[in-house]
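What follows is a single structure, written as C-alpha cells, with notes after it.
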C-alpha cells in the first residue's frame with residue numbers, strides 16, 4: 001500500500017476561534033435551538049407541568065389528611081420542597097428522551113460533520129433544560145403558595161433553596177443525557193426512567209420522614225441524594241420536617257451541594273465521552 | 001488545485017463479522033462530480049460517513065480536501081458539507097430557523113446568518129414555507145432545505161448521499177439543477193446513488209461499487225464501453241420473420257444475437273456501427289423482412305452493472321422503477 005502524500009497547503013482553512021469561546025457560542029446556539037423546540041410544542045410543556053402540579057394537589061390533600069410530620073406542622077408545608085425535588089427528578093425523562101431523539105435523527109449527523117464544539121449538543125441540552133426547570137419551579141412555587149405553603153426565613157433563603165433544587169436538576173440533566181445516549185431507542189428511554197425514578201422518590205424524605213421508616217430503609221432514604229436536597233430546602237424555607245440525629249441528616253445542607261456536584265462530575269464527562277463515541 | 005479532493009486507500013470497515021468496506025480505493029479529482037454507484041448495502045453510505053468524519057474505520061487511509069480525516073478531523077469538517085439520505089435538518093424548527101441555527105454554528109453573526117438564510121431560502125424557492133416546521137415539508141422541500149443548509153458556507157467538498165431517493169421526477173430535476181450550479185462554483189461533489197441515470201446525468205466519473213469495494217471506474221461512456229460498445233437493435237413487424245432476421249443480423253455482427261420474442265427484438269454488439277447499420281438495412285430490404293424499428297444504441301449503465309457484478313443493480317429495482325420513473 002502506498003502512502004498518501006499530504007500536500008503542504010499555503011491556503012489555510014478559516015482560523016479557528018479560541019476553544020472556550022467556541023464552546024460557549026455553540027452551546028448557546030444549541031440552547032436557543034432547544035428552547036425554540038419548547039416554544040414550538042407548547043402542548044408538551046402543558047403535560048410536563050401538569051404532573052408536578054397534580055402531585056401537589058393529590059399528595060397534599062390525599063396524603064395530607066393522614067400523614068404525620070415530625071416536629072408537628074402542616075403536611076403540605078412538609079410536602080412542597082419534596083415535590084420540587086421530585087419534579088426535577090422526573091425531568092430526567094424529558095431530557096433523556098430529547099437527547100435520544102436527537103441522536104437518532106439525521107440532524108446530529110449534520111452537527112457532527114460541522115466544525116462545532118463536540119460538547120455543544122449536550123451542553124445546549126443541559127442549559128435549555130435548566131431554563132425549563134426554572135419555569136417549572138416558578139409554576140410550582142405559585143401552586144404551592146395557593147395551597148398554603150410558605151417560606152418562613154426570608155426571600156434570600158427561599159431563593160437559596162430554589163437554587164439547591166435547580167442544582168439537583170443540573171445533575172439529573174447529565175444523568176438523563178447519559179441515559180439518552182446509552183439507550184438506543186428513544187421510545188424506550190421514557191419507559192426506563194419511571195422505574196428508576198419512582199423508587200428514588202419513594203425511598204426518600206419526599207413524602208415520608210425517614211425517621212418513620214424501618215431503620216435500614218430510613219438510612220437508605222437519608223443517604224438518597226434527593227433527600228439531601230429536600231432536607232436542605234426545608235431548612236432554608238423554614239418548612240417542617242427537620243431531620244434525625246444521623247450524620248447525614250445533620251449535614252443535609254452541605255450534602256445538598258456535594259451530591260449534585262459529585263453526580264455532575266461523574267455523568268457530564270461520561271455523557272460527553274459517549275457522544276464523541278457515536279462514531280463507533 | 002490539481003490535488004485530489006478525496007483519496008481513499010485500502011479502506012476497511014467491519015460491523016461485527018460483516019465487512020462494509022473491504023479494500024476500498026477511491027480518488028476524486030477536485031472540481032468534479034464523482035458518482036459512487038452501487039446497490040443497497042454495497043457500502044456507499046459507510047464510505048461517505050467515513051469521509052465526513054462521522055465514522056471511524058478499521059484500516060486504510062483517507063484524505064479529504066488534503067487533510068487526514070482521522071488526524072485532522074476538525075479541519076476536514078471546516079471544508080466539507082454533507083447532505084444525507086435522510087434529510088439532516090431539525091424537524092421541529094422552521095426552515096428559516098434551521099438555516100439560522102446552522103449559520104450561527106458556523107460562526108456567522110446573527111445578522112450575517114439572517115442574511116444568508118434569506119438568500120438561500122430565495123435561491124431554493126423555500127421563502128413561502130420559511131416559517132413552517134421542517135417536519136411538515138414534503139420530501140422534495142426537505143431535501144432542498146437540507147442542501148441549502150450544506151451551502152451556508154461554500155464547501156470544498158460536498159457529499160450527497162442518495163440525494164434524490166424518494167423524490168418525484170420534478171423534484172429530482174430541480175435538485176439536479178441545484179447540484180449542477182454548485183459544481184460550477186468549484187465545489188467537488190461526491191454523489192452516491194442507486195440510480196444509474198442519476199450518475200449518468202450528473203457525474204464526470206463514476207465508480208461502481210459492490211460488496212465494499214470498487215469494481216469499475218471511468219466515465220459513463222468508458223463504463224459502457226467495458227461491456228462491448230454499441231449494439232444494433234432490430235424490431236421486426238411480423239413475428240414469423242424473427243428467425244430469418246436473427247440469422248441475418250448474426251451474420252453481419254459475426255456473433256450470436258440476443259432474441260426477445262415478446263418484443264420481436266433482435267440485438268447484437270457491433271464494432272463498426274455505421275457500416276453495420278447500413279448492411280443490416282440493406283440485407284433486411286433484400287430479404288423482404290419488414291422492420292418496425294432499427295437502431296444503434298449504447299448499452300445502459302444497468303447493463304454495465306449487470307455485466308460487472310453479475311447481478312442487477314438493485315434487488316428491489318423492479319419495485320422502485322414503478323414508483324420513481326427515471327427522468
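Return a yes/no flag: does the stretch A:53-67 have any residue that is within 14 Å of chain B (Cβ to nearest Cβ) and under 23 Å from the mean Cα position of the chain (by Cα). Checked against the condition, which is being within 14 Å of chain B (Cβ to nearest Cβ) and under 23 Å from the mean Cα position of the chain (by Cα), the stretch A:53-67 yields no hits at all. Please pick out the residue among B:108, B:55, B:93, B:99 that is within 25 Å of residue B:145 (Cα to Cα) and modelled with pLDDT of 95 or more. From the options B:108, B:55, B:93, B:99, the qualifying one is B:99. Scanning the stretch A:44-69 for residues that are assigned to a loop (DSSP other than H, G, I, E, B) and surrounded by fewer than 17 Cβ atoms within 10 Å (Cβ to Cβ) yields A:66, A:68. What's the total number of residues in the stretch B:15-30 that are under 15 Å from residue B:46 (Cα atoms), surrounded by fewer than 17 Cβ atoms within 10 Å (Cβ to Cβ), away from chain A (no Cβ under 11 Å) and in contact (Cβ under 8 Å) with a residue 12 or more places away in the chain? Summing the residues that are under 15 Å from residue B:46 (Cα atoms), surrounded by fewer than 17 Cβ atoms within 10 Å (Cβ to Cβ), away from chain A (no Cβ under 11 Å) and in contact (Cβ under 8 Å) with a residue 12 or more places away in the chain in the stretch B:15-30 gives 1.
Please tell me if residue A:25 is facing chain B (nearest Cβ under 10 Å), at pLDDT 75 or above and within 29 Å of residue A:117 (Cα to Cα).
yes
Do the conditions hold for residue B:235, that is, is it part of a helix (DSSP H, G or I) and surrounded by 14 or more Cβ atoms within 10 Å (Cβ to Cβ)? Spelling it out, it is not the case that residue B:235 is part of a helix (DSSP H, G or I) and surrounded by 14 or more Cβ atoms within 10 Å (Cβ to Cβ).
Per this entry, residue B:11 is not counted among residues that are buried (at least 18 other Cβ atoms within 10 Å of the Cβ), at pLDDT below 95 and in contact with a helix residue (DSSP H, G or I) (Cβ under 9 Å, 6 or more places away or on another chain).
In summary, residue B:42 fulfils each of the numbered conditions (1) within 23 Å of the chain's Cα centre (by Cα); (2) within 10 Å of chain A (Cβ to nearest Cβ); (3) crowded, with 24+ Cβ neighbours inside 10 Å with the single exception of condition (2). Is it the case that the stretch B:35-47 has a residue that's within 27 Å of residue A:101 (Cα to Cα), out of contact with any strand residue (DSSP E or B) (no Cβ under 8 Å at 6 or more places or on another chain) and in the same structural domain as residue B:161 (by TED's automatic domain parsing)? Scanning the stretch B:35-47, I find at least one residue that is within 27 Å of residue A:101 (Cα to Cα), out of contact with any strand residue (DSSP E or B) (no Cβ under 8 Å at 6 or more places or on another chain) and in the same structural domain as residue B:161 (by TED's automatic domain parsing), so the answer is yes. Taking the criterion of being part of a loop (DSSP other than H, G, I, E, B) and at pLDDT below 90, the residues of the stretch B:187-208 that qualify are B:194, B:195. In the stretch A:245-280, the residue that is farthest from the other protein chains (Cβ to nearest Cβ) out of those that are surrounded by 14 or more Cβ atoms within 10 Å (Cβ to Cβ) and outside any helix (DSSP H, G or I) is A:246. Exactly one residue out of B:282, B:231, B:211 is modelled with pLDDT under 90 and over 30 Å from residue B:23 (Cβ atoms), and it is B:231. Only residues that are under 28 Å from residue A:20 (Cα atoms), more than 10 Å from every other protein chain (Cβ to nearest Cβ) and touching a residue at least 40 places away in the same chain (Cβ under 8 Å) were counted in the stretch B:95-142, giving 2.
Consider the stretch B:192-224. How many of its residues are more than 19 Å from residue B:310 (Cβ to Cβ) and surrounded by fewer than 17 Cβ atoms within 10 Å (Cβ to Cβ)?
5
Considering A:132, A:110, the condition of being crowded, with 18+ Cβ neighbours inside 10 Å, away from chain B (no Cβ under 14 Å) and closer than 26 Å to residue A:270 by Cβ is satisfied by A:132 alone. Picking from residues in the stretch B:143-154 that are in a loop (DSSP other than H, G, I, E, B) and surrounded by 21 or more Cβ atoms within 10 Å (Cβ to Cβ), the one that is farthest from the other protein chains (Cβ to nearest Cβ) is B:151. Restricting attention to the stretch B:63-78, and to residues there that are crowded, with 23+ Cβ neighbours inside 10 Å and more than 19 Å from residue B:153 (Cα to Cα), which single residue is farthest from the other protein chains (Cβ to nearest Cβ)? If we take residues in the stretch B:63-78 being crowded, with 23+ Cβ neighbours inside 10 Å and more than 19 Å from residue B:153 (Cα to Cα), then B:69 is farthest from the other protein chains (Cβ to nearest Cβ). Does residue A:111 satisfy the condition of being modelled with pLDDT of 90 or more and assigned to a helix (DSSP H, G or I)? So residue A:111 fits the description; yes.
The values are calculated or read from the model by the stated rules, or taken from the named source; none is laboratory data. This structure is a prediction, so every number in the text was calculated from the model and none was measured. Reconstructed Cβ throughout: ideal geometry from the backbone, glycine too, with neighbour counts over all protein chains shown.
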